[in-house]
Amino acid sequence: MNSVFLDKIRNFNNTSSYFIIDSNLRKHYSGLFNLIDSPKYFVEGGEQCKTLKVFEECVDFLIEHEIHRYSQIIAIGGGTVNDLSGFIASTILRGIEWISIPTTVLSTIDASIGGKVGINTKYGKNLVGNFHNPKEIIVEPEFLKSLNDYEVSNGHGELLKYAFLDKDIFNALNKKSDIFTIYKMCMDYKKKITTEDFKENGLRKILNLGHTFGHAFEKKNNTSHGLSVARGIEVILQLFTPGLLSDYSSLIAKLKIDKYIDSLTARDFDNIFNYIAKDKKRSDNDKIDIIIPRDIGEIEIKTLSLSELENMVVKTWN
């Protein structure tokens, strides 16, 4: 790891810093964590950490170790650890500062940016949450270089979303630009969108492309977030803009996620609307916003009733 990053970690060693760390990192980066004298709490990364039980355990640990209003929480881990830590920071002592150190592609290009933090319930993802931006996001490329192929592919499921949203990212992928350059483009794009619309009253909704079906697939099948979003994008294209399916096929091959995505069948949609009906993006009149790429970089937000959407799915896959 580069000396600048290690110096930052050393500088965090003070009475105001509290670390929440993905326990899966301990076996690979024990030397790094030995540098940290401040209180550190290890949680098992993955959706299993985004529960009320783990939230309570973390909060108890922090209070026991005398966290105060001028403390900062430093999250080191993937998207789920980021979501949990940011939510704790937004609520403990009515809100304190936090810093995100993402260790996966998914958390680097997506979860760490924009301040959406939260935990899950048995009914769905991120149904208890908040908006609370990190004070700083620190990217250490060494974490990303050490990821296995599946974890990279999972992050690339979210990158696929950006390729449909932004023509520059789409073109960079087609030109086979350096992947870390593309990651930075994704980060800059999301930062721009979320700065303009922090609490998702309008423009920010486009970042939910693929997520309505993606979250449902993820919850129903217990599959990874990024790859579930990639499947959710395919559903939207099949329903609304089948002319973009050739771009979809080309992109998932370039991003090397095609080997992890099976063809959609009618069975994939069994009971799927039980999950979509509890989606946090649904309005009180049983309507839901669907994000539709009409072309690369040209996005429509279309409001449909759940019954309209379900009828379209049944017609397409039965």
statement: Exactly one of Ser16, Ser23, Ser30 is more than 17 Å from Glu151 (Cβ to Cβ), among the small types (Gly, Ala, Ser) and surrounded by 13 or more Cβ atoms within 10 Å (Cβ to Cβ), and that one is Ser16
- prompt: In region 308-318, which residues are more than 10 Å from Lys287 (Cβ to Cβ) and open to solvent by 50 Å² or more (accessible area, probe 1.4 Å)?
  reply: Glu310, Asn311, Met312, Val314, Lys315, Thr316, Asn318
- request: Given the conditions (1) open to solvent by 60 Å² or more (accessible area, probe 1.4 Å); (2) at pLDDT 95 or above, report the number of the one that Lys176 does not fulfil.
  value: (2)
- request: Kindly indicate which of Gly124, Gly45 is farther than 21 Å from Glu200 by Cα and modelled with pLDDT under 95.
  value: Gly45
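Considering only region 1-98, give the helices (runs of 4 or more DSSP H) lying wholly within it that have at least 1 residues that are within 23 Å of the chain's Cα centre (by Cα). First the steps, then the outcome.
On the way: elements: 3-11, 30-34, 52-64, 79-91.
Per the criteria, 52-64, 79-91.
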message: Where the second residue is charged (D, E, K, R) and not in a strand (DSSP E or B) and the first is closer than 17 Å to Ile99 by Cα and lies in region 116-132, which pairs have Cβ atoms under 8 Å and are six or more apart or on separate chains?
response: Lys116/Asp83; Val117/Asp83; Gly118/Lys50; Gly118/Asp83; Phe131/Lys199
- prompt: Considering only residues of region 100-127 that are surrounded by 22 or more Cβ atoms within 10 Å (Cβ to Cβ) and among the hydrophobic types (A, V, I, L, M, F, W, C), which is farthest from Lys192 (Cα to Cα)?
  reply: Ile119
- prompt: Restricting attention to region 285-298, does a residue exist that is open to solvent by 70 Å² or more (accessible area, probe 1.4 Å), at pLDDT 95 or above and of a type in the set (D, E, K, R)?
  reply: yes
- prompt: Checking Ala277 against (1) over 24 Å from Leu306 (Cα atoms); (2) modelled with pLDDT under 95; (3) not basic (Lys, Arg), which single condition isn't satisfied?
  reply: (1)
query: Residue check, Ser85 against (1) touching a residue at least 40 places away in the same chain (Cβ under 8 Å); (2) open to solvent by 40 Å² or more (accessible area, probe 1.4 Å); (3) within 22 Å of Leu147 (Cβ to Cβ), all met but one. Which one?
result: (2)
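Could you please find all residues in region 260-283 being without any contact (Cβ under 8 Å) to a residue 60 or more places away in the chain and either part of a helix (DSSP H, G or I) or surrounded by 15 or more Cβ atoms within 10 Å (Cβ to Cβ) (or both)?
Going through region 260-283, the residues without any contact (Cβ under 8 Å) to a residue 60 or more places away in the chain turn out to be 261-274, 277, 282-283.
The answer is Ile261, Leu264, Ala266, Arg267, Asp268, Phe269, Ile272, Phe273, Asn274, Ala277, Arg282.
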- prompt: If we keep just the residues of region 197-253 that are acidic (Asp, Glu), modelled with pLDDT of 95 or more and farther than 25 Å from Asn318 by Cβ, which is surrounded by the fewest Cβ atoms within 10 Å (Cβ to Cβ)?
  reply: Asp197
- line: Log entry, pairs with first residue in region 165-182 being in contact (Cβ under 8 Å) with a residue 60 or more places away in the chain, second being open to solvent by 50 Å² or more (accessible area, probe 1.4 Å), beta carbons closer than 6 Å, six or more apart or on different chains, reads Leu173/Lys254
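The values are calculated or read from the model by the stated rules, or taken from the named source; none is laboratory data. All of these numbers come straight from a predicted model, not from anything done at the bench. Glycine also receives a Cβ, built like all others from the backbone with ideal geometry; neighbour counts cover every protein chain displayed. These accessible areas exclude ligands, DNA and RNA; they are computed on the full protein's heavy atoms, side chains included. Shrake-Rupley method; radii C 1.70, N 1.55, O 1.52, S 1.80 Å.
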